[in-house]
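S.K.: Just dropping this structure here.
The values are calculated or read from the model by the stated rules, or taken from the named source; none is laboratory data. Treat the numbers as computed from the prediction; the structure is a model and nothing was measured. Cβ placement follows ideal geometry from the backbone for every residue including glycine, while neighbour counts extend to all protein chains displayed. The protein model used for the area step is the full one, side chains on, heavy atoms only, and it has no ligands, DNA or RNA in it. Shrake-Rupley method; radii C 1.70, N 1.55, O 1.52, S 1.80 Å.
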Amino acid sequence: MITINNLVKAYNGNIVVNIPSLAFEAGELVGVVGNNGAGKTTLFRLLLDLVRVDKGQIFSNQMDVAATEKWKTYTAAYLDEGFLIQYLTPEEYFYFVGKLNGISKVDVDEFLIGFGAFFDGSVLKSGKFIRDLSKGNQFKVGIAACLLQKPEVLILDEPFANLDPSSQMRLVKMLKDLAVQKKVTVLVSSHDLNHVTDVCHRILLMERGRIIKDIDTTADTLQELEEYFQV
Amino acid sequence: MILTLLSHQWKSFWRGRGVSKSIAMQLFLSFIILYLLASCLVLGLALGHLLGQLFPGQDTVKVYCGLILYYFALDLVMRFLFQELPVLSTQPYLTQNIRRSQLVAYLNARSLFHFLNILPLFIFIPFIFTNIAPAFGAAAAAAIAATILSMTVFNHFLMLYIIRRSVLNTWWLAGFLFTIAALAALDYFHILSLSSVSTFFFVKILFHPWLALLLMVLALSAFLNNRRFLLNNLYIEELSKRSGEKRSTEYTWLQQWGTIGELIGLDIKLIARNKRPRYVAIMSVIFTLYGFIFFRHENLAPFNFYILLFPAIFMTGLFIINYGQFAFAWQSSGFDGLLTGNLPVSEYIRGKFLLFNVSSTLAFILTSFYGFMDWRLLPVLAAAWLYNLGLNSAFTLWFATVNYKGIDLTKSATFNYQGIGATQWIWALVALVGPYLIIVPFVLFGAPWVGIAALGILGLISFLFRNWWITFLTKEFYKRKHLILQGFRER
């Protein structure tokens, strides 16, 4: 689904991403872990053509992401609040995203009903603009908007970080369902080793821009990771 | 402690995001502030003269007294529009080892540094020195000065109190507005003339200076009232600005245009719901009155093309120049999302183009009423409109693609020069003066109307070729897409 060739990105002479070769298949649930500054978010931005590559290429379905926009039709991502439109109400934002993806208002409403438990009453009909919602609720809006698009590729940056425990559990369940049923490729980065080993089939460990471990999750993976991060 | 807090406030003004870090812009900003103050000072010094000329035959001091209450009533209205609660600055201090009474004293002191408090000083006080002191003596002069100061302070704290109260209970605001409207109506229908009341009071003060003490007591009571209220209610949620419940709006009439309609709806909401774009839009509407300054007899009779073309371009194109340069920067906080979503860039650009066209056309419709002054203005306006429609929209959008500075929508509009650098001013000049390159040769050759027609035709052709423009602009955007994203991320 996604192939990376000789990817290099540097800021001011410091190499922040350096991946010679990497591939994701359809339906894989991949977790990316690493300390701060490892290059996780930059990697995601490169995948979405939000940052210019210095060397190398990224192919989504054999299309170079920097050369065409077609991959946007089946890709959805939420990295930070910069992905939301701050001065809209959540409903307006959902309808807007729906409109861009050819989903009618009725279908959007139906979709949102399924999210009632996830939103827990504080997102819809809140009478607030997105900029006035709490960080966690903004995250929920972002994630819901991604799932609304029924993407084939989903990229989330630290989704567990700002969610309350019940929402984290719900998100874990949603991601597991996605990968199984709909053959969606999911990339998730997280500082939460427990969730990542629980949810993901495959884990990439990044350090200073390089992928130093690429493992299929087993029962021992959590311990392996904890050993790596031990101080 | 209060001095420390005030010094923080001073720093936050000069270091704020709205203030450019370049020395040139800071100098420019200081210059503007000083210029405004100097103008007010000049007005104050010349007040005696002005009153003598405007109301010939009457005692200037009497007229002065009559004006005072009018001014302060107007002042209340202006405060309603412009006065801001200096609250957000207290949040970091609430948990520090600072006593509440100190914070309240700081809040009160800080709030006094507002141009609306300095304005009456500059306007009214000089007159006291020039006219009142020599005629009525030092005591009377001091009394009037104290009165002016007291009224300023009183108005200031009264308004703060009303605003703070109306955060919790909108009836306060309604009551205030109603009172003002009632006073205005009474005055308009000559039932209760503000000026005669004013004259009565202040002349009395002139002869009995001790009456000024009454007003000082009034001011003091307003201050103490505010202080008491703050001490009891220094909670963040209760002090912040009125924020009612927001409702979702759908523009059904835009639905028929699909994605473009959606994008235009997004822009409309951006303008309506954010202070700075709203300010830009309102200014563009207000400046359609600019024509009254230029379209006067001395320019219309000989039909001086040079002078008449400028306001035409300015009025029909102001929105494009002010808003359009930052066409992408306005959405800088959500730009990552827009570019990741299923939104073709060409559609996005087409939406902006359409927005400019609509604004220009609306401005043209509004300004076409100037045609009643002189029908020959209509073709000039039409040519300016076509220029803005076809050429200015495209050029300004191109300029927006080389603008890498994002704009923080949450900041207020006054003195907010974020994102404005020398290049923005230069571009505005180019957009306004560009058409002259076409007009001047024709005027010099004695065929000005042909020049006007040429301008209009060029604009029209450019407009008809807008698909080509959009393809070109999309390519230009792609060339710089990552630079734009990077610049917007820095904010």
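S.K.: Going through segment A:53-82 one residue at a time, which ones are of a type in the set (Ser, Thr, Tyr) and either more than 19 Å from the chain's Cα centre (by Cα) or surrounded by fewer than 21 Cβ atoms within 10 Å (Cβ to Cβ) (or both)? Reasoning before the result, please.
M.R.: In the first step, residues of segment A:53-82 are kept if they are of a type in the set (Ser, Thr, Tyr); the result is A:60, A:68, A:73-75, A:78.
Hits for segment A:53-82 are A:Thr68, A:Thr73, A:Tyr74.
S.K.: Please tell me if A:Lys99 is more than 7 Å from every other protein chain (Cβ to nearest Cβ) and open to solvent by 40 Å² or more (accessible area, probe 1.4 Å).
M.R.: Considered against the rule, which asks whether it is more than 7 Å from every other protein chain (Cβ to nearest Cβ) and open to solvent by 40 Å² or more (accessible area, probe 1.4 Å), A:Lys99 comes out as no.
S.K.: Further, regarding this structure: Only one of these conditions is not met by A:Leu50: (1) open to solvent by less than 10 Å² (accessible area, probe 1.4 Å); (2) more than 8 Å from every other protein chain (Cβ to nearest Cβ). Which number is it?
M.R.: Evaluating A:Leu50 over (1) open to solvent by less than 10 Å² (accessible area, probe 1.4 Å); (2) more than 8 Å from every other protein chain (Cβ to nearest Cβ) leaves (2) as the failure.
S.K.: A follow-up question, please. If A:Glu25 satisfies all but one of (1) crowded, with 16+ Cβ neighbours inside 10 Å; (2) acidic (Asp, Glu); (3) more than 9 Å from chain B (Cβ to nearest Cβ), what's the number of the condition it fails?
M.R.: (1)
S.K.: Additional query: Return the residue satisfying two criteria in turn: it lies in segment A:218-231 and is aliphatic (A, V, I, L, M) and in contact (Cβ under 8 Å) with a residue 24 or more places away in the chain, and of such residues it is surrounded by the fewest Cβ atoms within 10 Å (Cβ to Cβ). Spell out the reasoning first.
M.R.: Going residue by residue through segment A:218-231, those that are aliphatic (A, V, I, L, M) are A:219, A:222, A:225, A:231.
Filter again for in contact (Cβ under 8 Å) with a residue 24 or more places away in the chain, leaving A:222, A:225.
Working: A:Leu222: 16, A:Leu225: 21.
Applying the filter and picking the extreme gives A:Leu222.
S.K.: Kindly check whether there is at least one residue in segment B:176-192 that is open to solvent by less than 30 Å² (accessible area, probe 1.4 Å), in a helix (DSSP H, G or I) and of a type in the set (S, T, N, Q). It would help to see each step written out before you state the result.
M.R.: The initial filter retains those residues of segment B:176-192 that are open to solvent by less than 30 Å² (accessible area, probe 1.4 Å), namely B:176, B:187.
Narrowing the set further to residues that are in a helix (DSSP H, G or I) leaves B:176, B:187.
Subset that is of a type in the set (S, T, N, Q): none.
Within segment B:176-192, not a single residue is open to solvent by less than 30 Å² (accessible area, probe 1.4 Å), in a helix (DSSP H, G or I) and of a type in the set (S, T, N, Q).
S.K.: Report, by residue number, each residue of segment B:303-359 that is free of Cβ contacts under 8 Å to residues at least 24 places away in the same chain and touching a Gly at 6+ places or on another chain (Cβ under 7 Å).
M.R.: B:Pro311, B:Gly334, B:Gly337
S.K.: Is there a residue in segment B:358-368 that is small (Gly, Ala, Ser), under 22 Å from A:Lys70 (Cβ atoms) and more than 9 Å from chain A (Cβ to nearest Cβ)? Outline the logic, then answer.
M.R.: Here is the first cut: in segment B:358-368, the ones small (Gly, Ala, Ser) are B:359-360, B:363, B:368.
When the remaining residues are screened for being under 22 Å from A:Lys70 (Cβ atoms), the result is none.
Taking every residue of segment B:358-368 in turn, none turns out to be small (Gly, Ala, Ser), under 22 Å from A:Lys70 (Cβ atoms) and more than 9 Å from chain A (Cβ to nearest Cβ).
S.K.: Can you pull out every residue in segment A:1-35 that is polar (S, T, N, Q) and under 25 Å from A:His201 (Cβ atoms)?
M.R.: Of all residues in segment A:1-35, those polar (S, T, N, Q) come to A:3, A:5-6, A:12, A:14, A:18, A:21, A:35.
Once the filter is applied, which keeps residues that are polar (S, T, N, Q) and under 25 Å from A:His201 (Cβ atoms), segment A:1-35 yields A:Thr3, A:Asn5, A:Asn18, A:Ser21, A:Asn35.
S.K.: Now a separate question. Looking at A:Val33, A:Val17, which is the one that is aliphatic (A, V, I, L, M), closer than 22 Å to B:Ile484 by Cβ and away from chain B (no Cβ under 14 Å)? Please lay out each step first, then the result.
M.R.: Values: A:Val33 fails: closer than 22 Å to B:Ile484 by Cβ.
Just a single option satisfies the conditions, and that option is A:Val17.
S.K.: Follow-up question, since we're still on this one. So A:Val106 clears everything in (1) open to solvent by 10 Å² or more (accessible area, probe 1.4 Å); (2) within 11 Å of another protein chain (Cβ to nearest Cβ); (3) more than 21 Å from A:Leu46 (Cβ to Cβ) except one condition, right? Which one?
M.R.: With respect to (1) open to solvent by 10 Å² or more (accessible area, probe 1.4 Å); (2) within 11 Å of another protein chain (Cβ to nearest Cβ); (3) more than 21 Å from A:Leu46 (Cβ to Cβ), A:Val106 is out only on (2).
S.K.: So, A:Tyr93, is that one at negative phi, at the interface with chain B (Cβ under 10 Å from one of its Cβ atoms) and either open to solvent by less than 10 Å² (accessible area, probe 1.4 Å) or more than 15 Å from the chain's Cα centre (by Cα) (or both) or not?
M.R.: On the way: at negative phi: yes; at the interface with chain B (Cβ under 10 Å from one of its Cβ atoms): yes; either open to solvent by less than 10 Å² (accessible area, probe 1.4 Å) or more than 15 Å from the chain's Cα centre (by Cα) (or both): yes.
Spelling it out, A:Tyr93 is indeed at negative phi, at the interface with chain B (Cβ under 10 Å from one of its Cβ atoms) and either open to solvent by less than 10 Å² (accessible area, probe 1.4 Å) or more than 15 Å from the chain's Cα centre (by Cα) (or both).
S.K.: Can you work out which of the residues in segment B:363-412 that are of a type in the set (S, T, N, Q) and under 30 Å from A:Arg131 (Cα atoms) is most open to solvent (accessible area, probe 1.4 Å)? Give the steps one after another, and end with the answer.
M.R.: Taking segment B:363-412 first, the residues of a type in the set (S, T, N, Q) are B:367-368, B:388, B:392-393, B:396, B:401, B:403, B:410, B:412.
Right, trim to under 30 Å from A:Arg131 (Cα atoms) and you get B:396, B:401, B:403, B:410, B:412.
Numbers: B:Thr396: 1, B:Thr401: 1, B:Asn403: 7, B:Thr410: 83, B:Ser412: 34 Å².
Among those that are of a type in the set (S, T, N, Q) and under 30 Å from A:Arg131 (Cα atoms), it is B:Thr410.
S.K.: Counting residues that are open to solvent by 40 Å² or more (accessible area, probe 1.4 Å) and either free of Cβ contacts under 8 Å to residues at least 12 places away in the same chain or of a type outside the set (A, V, I, L, M, F, W, C) (or both), which strands (runs of 3 or more DSSP E) fully inside segment A:113-217 reach at least 3? Give the derivation first.
M.R.: Details: elements: A:153-157, A:185-189, A:202-207, A:210-216.
Filter on segment A:113-217 gives A:210-216.
S.K.: B:Ile426 - would you say it is open to solvent by 10 Å² or more (accessible area, probe 1.4 Å) and within 22 Å of the chain's Cα centre (by Cα)?
M.R.: Numbers: open to solvent by 10 Å² or more (accessible area, probe 1.4 Å): yes; within 22 Å of the chain's Cα centre (by Cα): yes.
It is true that B:Ile426 is open to solvent by 10 Å² or more (accessible area, probe 1.4 Å) and within 22 Å of the chain's Cα centre (by Cα).
S.K.: Let me ask something additional. Would you confirm whether or not segment B:419-436 contains a residue that is away from chain A (no Cβ under 14 Å), among the aliphatic types (A, V, I, L, M), touching a helix residue (DSSP H, G or I) at 6+ places or on another chain (Cβ under 6 Å) and within 21 Å of B:Leu339 (Cα to Cα)?
M.R.: Among the residues of segment B:419-436, not one is away from chain A (no Cβ under 14 Å), among the aliphatic types (A, V, I, L, M), touching a helix residue (DSSP H, G or I) at 6+ places or on another chain (Cβ under 6 Å) and within 21 Å of B:Leu339 (Cα to Cα), which makes the answer no.
S.K.: Going by what's in this entry, would B:Ile205 be described as in contact (Cβ under 8 Å) with a residue 24 or more places away in the chain and surrounded by 19 or more Cβ atoms within 10 Å (Cβ to Cβ)? Before the answer, list the steps.
M.R.: Values: in contact (Cβ under 8 Å) with a residue 24 or more places away in the chain: yes; surrounded by 19 or more Cβ atoms within 10 Å (Cβ to Cβ): yes.
So B:Ile205 fits the description; yes.
S.K.: What residue, of A:Gln86, A:Gln138, is within 14 Å of chain B (Cβ to nearest Cβ), over 30 Å from A:Met1 (Cβ atoms) and within 20 Å of the chain's Cα centre (by Cα)? If you could, list the steps in order and put the result at the bottom.
M.R.: Working: A:Gln138 fails: over 30 Å from A:Met1 (Cβ atoms).
After applying the criteria, what remains is A:Gln86.
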